[in-house]
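Quick notes on the structure that follows.
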Amino acid sequence: MNIITGLINGMISGATPILLAALGGTFTFYAGVFNIAMEGMMLTGAFFAVLGSYYFDSWLMGIVCAIIGSLMMALIFILFAVTLKTDEFVTGIALNLFALGATTYMMRQIFNVKGAFSNPGIVPIPRIHIPLLAKIPILGNILSGQNLIIYITVLVVILSAFIIFKTRFGLRLRAAGYNAPSLDSSGVSSAKIRIWSLIICGVLCGLAGAFLSLGYVTLFSENMSAGRGWISLAAVILVNGNPWGIALISLLFGFTDGLGLLLQQYMPSQFTSMVPYVATLIALYFYSIQARKRKA
Amino acid sequence: MQRKLISGIIGILIALLIGALIMLVQGYNPIQTYAALFNFSLFGFYPLATTLRNSVPLILTGLSASVAFASGPVNLGQPGQLLIGALFATVGGLYLDLPAFLLIPVLILLSMLGGALWSGVAAMLRKWFNMDEFITTLMLNMIADFFTYWAISYPFFDRSAYSPMTPQINTNGWLPIWGEFNSNVIVMVLAFFVIYLVFNRLTAGYEWRITGHNSLFARLGGIKIDKNYVTVMLVTGALAGLAGGLVVMAGPHRFLKGLGANYAWDGVMIAVVANNGLIGTLLYGLFFSALQTGSLGMELITAVPREFIQVLQAVTVLVIVAGRGYLDILIDKTIARQKARERAT
């Protein structure tokens, strides 16, 4: 029984950063922005989360700083891709590398370390114990005692689905991606909608980063997002941006993450670390098979 | 050409200015820092030779990305292809015993084969299952990263070493060094000429370029898009693999952890700033290499850490790319205005 709850808990915490970043990505996806900067935003968020948590002795300030840091990346993206009309793909690639360089540089400048920074002074984001739910026999260990960000993530999924499909802003968001000129001619600036979608993406990637460095583990290491931003991009593309689909896919990736840890008893850890990436390839395979069927 | 040169130089100057501002904010002396940076990378025979040597993996991966992007396929798998190429060359160098004039070409071919094999996987996934190479190559990068890490930790592990690395390859496979000049530069220049020739002068290159510009037009003109797609993927994979092979054969002569460094991603950035132009890739590759080579001296002389260069590179890319788009808009606007004025009179 413990193995199963452990596996489920591993799945949930493995899925959370991917899910948050992918939800951010889905806003830009609907707005018609080819945004591949989630990786860099997440990494910046992770760094600033540690910075804030360490200097203010508070996990709340960690989250706030993570969001600010990630928002700065989003603002650079907006400045180049929306205002100056630079190619989105190019901006995204440059921004990801900028994030990698800047976080490594700042880690060295501010904390005087190379590779990774861990310190007992970093305050992690607490786990929330819900009194009544904890008493439920099997589900108690899953429903209660999770990291705060995980509960926020559940809320974000519901909110995103609501905003995108049920509100005026959501309608405009989808219109900006579907047919920007007709949105513009109806008096709503599609550029403004894109800017808002990127800001939302920045906030959510900041949360994802904060979870990585203050929830999943309590440290910052060089390039710690390790391709999760790319996996989240794959998740968005796989389900055509539907928030519920993204939640499902992210859980699947989280499951492979936990499965990899379990398999470590039987094979070298290098192979188990490959599992999420191989799973992404397999998921893409099924997606393309389905897409072909739909076409035929 | 002139427009490119102007926007490139202006962009680099603005990026250096932004870099100077960042340094000023942190209390460093920017003039002293830049002096140290370029003293250790450009002025003198030894610094120049080192810059040239270090530019090889950057330029080769840059060429790989340039050719791929300009021909259509979004091959972002250079990091993985480089690693697999390096692994192939290393394994060849460990087990083959040939005289130098044979072993060096064999290892070079092996590294290209390795890179082409890895990009071939992505090409086949696209051809058979219509899977987007943009994401598959990225995933294959991570897989190659872990695979080579495993290979140097278990099957090809050097038992006398404390961290994951292979033993040194056969000395016949080492690229000759004359004084400070490393012959990996010669291989790179050869590869550049071949690619330049194929891309700009041969029918195959013409077809690639047309496909990259407008694939519908290319298809209607009778170009076999699918076949060209696979060829371009294999060629660009081989280029990235060659970069990896040369890193092993010129430098540590073995595969150690972190061998790929950031070469391939820097190469992608170089292709992006060069707007997929081959000569631009060569020039920006040399510039980036100068920055990276000089960064060691900069750290030695001033207190500015080496990682600052990574920031400076990304700033350069953003400024040049944004500036280019902006400059184009500016020029187009003035042309349009002129036309409007002519019509009015």
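At R0 = 45 Å, how high is the FRET efficiency between residue B:220 and residue A:154 if r is their beta carbon distance? Nearest 0.05 is fine. After rounding, the FRET efficiency stands at 0.30.
Which value at 222 nm does chain A reach when only helices count, each DSSP H run of 4 or more adding -39,500 (n - 2.57), with the total divided by all residues and rounded to the nearest 500 deg cm²/dmol?
Working: 12 runs with 207 residues, N = 296.
It lands at -23500 deg cm²/dmol.
When the surface is traced with a 1.4 Å probe over the full set of protein chains, residue A:292 keeps roughly 120 Å² accessible. Listed by chain and number, the aspartates and glutamates whose alpha-carbon sits under 16 Å from that of residue A:85, ignoring those within fewer than 8 places in the same chain, are B:328, B:332. Look at the alpha carbon pairs under 8 Å that are at least 6 residues apart: their mean separation over the length of chain A gives a relative contact order of 36 percent. Per residue of chain B, the DSSP helices (runs of n ≥ 4 H) give a summed -39500 (n - 2.57) that works out to -26500 deg cm²/dmol at 222 nm.
Modelled spin-label separation between residue B:127 and residue A:184, with each label point placed 7 Å from Cα along the Cα-to-Cβ direction: 4.1 nm. For the peptides A:18-26, A:41-49, A:229-237, residues were scored by their other Cβ atoms within 10 Å and the scores averaged per peptide; the highest-first order is A:41-49, A:18-26, A:229-237.
Stretching the chain fully between residue B:13 and residue B:177 yields a gain of 55.6 nm (0.36 nm per residue, less the alpha carbon separation).
What number do you get for the range B:188-234 when its Cα radius of gyration is normalised by 2.2 N^0.38 Å, N = residues?
Details: Rg = 11.3 Å, N = 47, 2.2 N^0.38 = 9.5 Å.
For the range B:188-234, the normalised Cα radius of gyration is 1.19.
If R0 is taken as 35 Å, the Cβ-Cβ distance between residue B:101 and residue A:295 corresponds to a FRET efficiency of 0.05.
Modelled spin-label separation between residue B:261 and residue B:46, with each label point placed 7 Å from Cα along the Cα-to-Cβ direction: 1.8 nm. Only protein heavy atoms count here; on that basis, with a 1.4 Å probe, residue A:118 has an accessible area of about 80 Å². Rounded to the nearest percent, how much of the accessible area of the range B:245-345 (1.4 Å probe, protein heavy atoms only) is carbon and sulfur? Ligands and nucleic acids excluded, carbon and sulfur reach 60 percent. Residues of the range A:15-33 with backbone nitrogen within less than 12 Å of a virtual label 7 Å along the Cα-to-Cβ line of residue A:85, please, listed as ranges. Nothing falls inside the zone, counting backbone N under 12 Å. Taking the alpha-carbon centroid of each part, what is the distance from the range B:262-278 to the range A:1-69 in angstrom? If we compute the Cα centre of each part, the gap is 29 Å.
About its Cα centre, the range B:35-302 has a charge dipole of approximately 460 debye under the convention of +1 per Lys or Arg Cβ and -1 per Asp or Glu Cβ, with nothing else charged. The relative contact order of the range B:35-302, computed from alpha carbon pairs under 8 Å that lie at least 6 residues apart in sequence, is 43 percent.
Kindly state, to the nearest 0.05, the FRET efficiency for residue B:29 paired with residue A:113, given R0 = 35 Å and r defined as their beta-carbon distance. Show your work: numbers first, answer last.
On the way: r = 25 Å, r/R0 = 0.71.
For R0 = 35 Å, the calculated efficiency reads 0.90.
The distance between label points at residue B:6 and residue A:130 comes to 6.4 nm (points 7 Å beyond Cα on the Cα→Cβ vector).
How long are the three semi-axes of the equivalent ellipsoid for the range B:35-302, computed from the Cα gyration tensor as the root of 5 times each eigenvalue, in whole Å, largest first? If you can, show how the numbers build up before the last one.
On the way: eigenvalues 179, 107, 57 Å².
Square roots of five times the eigenvalues give 30, 23, 17 Å.
Remark on residue B:165: its backbone amide H falls under 5 Å from those of B:158, a criterion applied only to residues 5 or more positions apart or on other chains, H modelled at 1.01 Å from N. Selection among B:241, A:209, A:221 by position relative to the dipole of the protein assembly as shown gives A:209 as farthest towards the positive end (Cβ unit charges, Cα centre). Measuring from centroid to centroid over Cα atoms, what is the spacing of the range B:1-41 and the range A:256-296 in Å? After rounding, the separation between the Cα centres reads 44 Å. When you work out D = kT/(6 pi eta Rh) for chain A at 10 °C and 1.306 mPa s, using the Kirkwood radius from C-alpha pairs as Rh and the Stokes-Einstein form, the result is 81 µm²/s.
Provide the buried accessible surface between chains A and B in square angstrom, both chains summed, 1.4 Å probe, rounded to the nearest 100. Before the final figure, lay out each step's value.
On the way: alone 14810 and 17510 Å², together 28470 Å².
The contact between B and A buries close to 3900 Å².
Over the range B:35-302, accessible surface divided per residue gives 41 Å², non-protein components excluded, 1.4 Å probe. Each Lys and Arg Cβ is given +1 and each Asp and Glu Cβ -1; about its Cα centre, the protein assembly as shown then shows a dipole of about 1700 debye.
Under 21 Å of direct C-alpha separation, and excluding same-chain neighbours fewer than eight residues apart, residue A:295 reaches these lysines: B:127.
Rule-of-thumb check for the protein assembly as shown: C-alpha Rg over 2.2 N^0.38 Å?
Details: Rg = 25.1 Å, N = 641, 2.2 N^0.38 = 25.6 Å.
Compactness ratio reported: 0.98.
Helix screen, chain A: DSSP H segments with Cα axial length of 20 Å or more and mean Kyte-Doolittle hydropathy at least -0.5 are A:2-30, A:38-56, A:59-77, A:88-106, A:148-166, A:190-211, A:243-263, A:269-295.
For residue A:67, the solvent-accessible surface computed with a 1.4 Å probe is close to 40 Å², ligands and nucleic acids excluded.
Inter-part distance, the range B:177-205 to the range B:94-170, computed on C-alpha centroids, equals 22 Å.
The values are calculated or read from the model by the stated rules, or taken from the named source; none is laboratory data. Note that the structure is predicted; figures quoted are calculated from it, not measured. Positions of Cβ are generated from backbone atoms using ideal geometry, with glycine treated the same way; all protein chains shown enter the neighbour counts. We work out accessible area using only protein heavy atoms, side chains counted, and drop any ligands, DNA or RNA first. Shrake-Rupley method; radii C 1.70, N 1.55, O 1.52, S 1.80 Å.
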